Amino acid sequence: MNEPRPYNGSSGMALLRESAVLILLLWAFAQAMFLAFSSAESRTVYLVFILIMDAAVLIGYLNRPVLCVVACATAVCVWVAYKAYIWYESGVDIVLTDYLMIPMPLIGMASALMFRKGMRALVQENILLKRNVEELVLIDESTGLYNLRALYKDLNVTVKYATRNSLPVTLMIIRMRYAAELESMLSARRYQELKKKLGDIVSGTVRVEDRVYCIDETGSLAIILTTDEEGSGIVEARIRNSVAKEGTFDGIADREMRVDLRIAVKQYDEKYGNDMMAFKHDTESELAYDV
């Protein structure tokens, strides 16, 4: 026996929206039929009531459901009271179309509420999807490098591997010394280009297997090195030399703008265990000594 298929909320909400649109089309067609088959003397009354009814239903499509319900219910009451008054005062017969007009505002209201419910579900799904995508994204949009989430993920994996194989792991944090001043002096586009250029320089300096991470909005970088602190000094020297080359940032920053780095290095210690945030925080605190 085949197992029952699970309920698909997205399909259900899509069906609800499509049903609402279909009801709206039939509802609009019914209005045209009322006007086409009504008598000449009652056509003006029907037209006025239809315009009032359309305005009330439109309120529902404009995301005001309570006001839509009140307006449509009021329209029905006004129509019934008007036809009853005309019949009582003038003795004019109430015809079939008069009766059929009574549920018309309610049908339009139901269409608006169904459509709104379906759209609300769609918006919630989009918000949830966006949140899930953001949680899965491991790339920094401005630099194209791996982001902070990727750093913690890879750092945890690297530390576990290094611990099993008795290998050293060192975390290097790189930060522009005058980041705040540079950001205020450069346009937003130029500062983004500066961050990307710095990331490209660092990526081109380290080994291919060493990932470079952009860990904040100012362009701070991090590198996981499978070496001790002494060996990381070689990497640090190469990075400083590459950044200090004349003309490195031409076209991005003016010559009088100095792009200098503060670099901190710390080797992993077993005291951190799986607390990679503490390891990173302690590494960043070493930046204070790079004066």
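So the values come out like this:
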{"item": "Residue that is surrounded by the most Cβ atoms within 10 Å (Cβ to Cβ), among those in segment 111-129 that are aliphatic (A, V, I, L, M) and under 18 Å from V21 (Cβ atoms)", "result": "A112"}
{"item": "Candidates I127, I94, I102 - the one that is in the same structural domain as G60 (by TED's automatic domain parsing), touching a Lys or Arg at 6+ places or on another chain (Cβ under 6 Å) and free of Cβ contacts under 8 Å to residues at least 40 places away in the same chain", "result": "I94"}
{"item": "Criterion: closer than 22 Å to L167 by Cβ and in the same structural domain as Q192 (by TED's automatic domain parsing) - qualifying residue of I215, I252, I224", "result": "I224"}
{"item": "Residues being among the hydroxyl-bearing types (S, T, Y), outside any strand (DSSP E or B) and touching a residue at least 40 places away in the same chain (Cβ under 8 Å) - total across segment 146-185", "result": "4"}
{"item": "Test set (1) part of a strand (DSSP E or B); (2) out of contact with any helix residue (DSSP H, G or I) (no Cβ under 6 Å at 6 or more places or on another chain); (3) touching a residue at least 60 places away in the same chain (Cβ under 8 Å) - D216 fails condition number", "result": "(1)"}
{"item": "Residue list for segment 163-185, restricted to those being under 35 Å from the mean Cα position of the chain (by Cα) and either surrounded by fewer than 18 Cβ atoms within 10 Å (Cβ to Cβ) or farther than 25 Å from L225 by Cα (or both)", "result": "R177, Y178, A180, E181, L182, E183, S184, M185"}
{"item": "Which numbered condition S38 misses (of (1) buried (at least 16 other Cβ atoms within 10 Å of the Cβ); (2) farther than 29 Å from L122 by Cα; (3) at pLDDT 85 or above)", "result": "(3)"}
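The values are calculated or read from the model by the stated rules, or taken from the named source; none is laboratory data. Because the structure is a prediction, the values reported are computed rather than measured. Virtual Cβ from ideal backbone geometry, glycine too; neighbours counted across all protein chains shown.
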